[in-house]
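Here's the structure, in structure tokens; my notes come after.
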Amino acid sequence: MATGRPRAFDLEERLDLALDVFWRQGYEGTALSDLTEAMGINRPSLYAAYGNKEALFGKVVDRYLEGPARHLRAALREPTARAVAEHLLRGSVEVVTSARNPQGGCLLVQGALSTGDQGAAARSRLADGRRAAAAALRRRFEQAQADGDLDPEEDAADLARYIASVSYGLSVHASDGCGAEELHRVVDRALASWPG
């Protein structure tokens, strides 16, 4: 049975190129021609390797979480609830102000906030990701309460939403041109209000 020609390109390398395009232009602002040009492949190759634009965007989001935004998962392994919050927020500053970032900000925040009907699935995918991150943060804060590290009277869900909101706000300010030094001062202010 014939299996066809082997791929002449590296899937992961081209996925990184697609990530840059989506991060810079957002889901709805990115045309297939933008992707094929940046990735150096034709449409049939894109479809064969990654599926349609929506499927490619899903793979890009996963790649973003494993790469530039890996600090989100790493933060949850910190030994204290305050250290979790600090790691998450300082990591967010590093990502949204990095020279590798093609456009100040965060793909999860700005990749598909405002889309028409054609971008509804991408918008939903990012919203699900943000909700999942907040839920993981809430669970980590609940564990900190069980461990005696965080006051049991604190509302873990509210605290998780607060930290997530600060993190997403850092992204918005970075896209407006705020630098790392300014954003780290925002983190300092947020941590100064830490419970207890």
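Here, each number is a calculation from the coordinates, and none is a lab measurement. Since the model is a prediction, treat every value here as computed from it, not as a measurement. Ideal geometry is used to build each Cβ from the backbone, glycine not excepted, and the neighbour counts take in all protein chains shown.
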Rounded to 10°, Cα long-axis angle of helix 180-192 versus longest principal axis of the chain: 40 degrees
Total formal charge among the other residues, if their Cβ is under 9 angstrom from that of residue 32, Lys/Arg +1 and Asp/Glu -1: +1
Debye intensity ratio I(q)/I(0), log10, the range 99-167, q values 0.14, 0.17, 0.26 Å⁻¹ (C-alpha model): -0.56, -0.71, -1.07
Cα long-axis angle, helix 81-97 against the chain (0 to 90 degrees, to the nearest 10): 40 degrees
Additional length obtainable on full extension of the chain from residue 128 to residue 80, 0.36 nm per residue less Cα span: 14.7 nm
Selection of trypsin sites (Lys or Arg not before Pro), the range 56-136, meeting DSSP coil and at most 11 other Cβ within 10 Å: 77, 100
Label-point separation, residue 98 to residue 59 (7 Å along Cα→Cβ), nm: 2.0 nm
Residue 193/residue 120 FRET efficiency (R0 35 Å; Cβ-Cβ; nearest 0.05): 0.45
On Cα atoms only, tilt of 11-25 relative to the major axis of the chain in degrees: 70 degrees
Calculated SAXS-style log₁₀ I(q)/I(0) at q = 0.15, 0.16 Å⁻¹ - the chain, Debye, Cα scatterers: -0.91, -0.99
At R0 = 22 Å, FRET efficiency that the Cβ-Cβ distance of residue 33 and residue 70 yields, to 0.05: 0.10
Computed P(r) (all Cα pairs; the range 59-126; 5 Å bins; percent): 3, 17, 22, 21, 18, 12, 5, 2, 0
Gain on full stretching of the segment that runs from residue 180 to residue 147 - 0.36 nm per residue minus C-alpha separation: 8.6 nm
Derived scalar couplings ³J(HN,Hα) [the range 164-175; Karplus, 6.51 cos²θ - 1.76 cosθ + 1.60; whole Hz; x for Gly, Pro]: 4, 5, 5, 4, 5, x, 4, 4, 5, 5, 4, 5
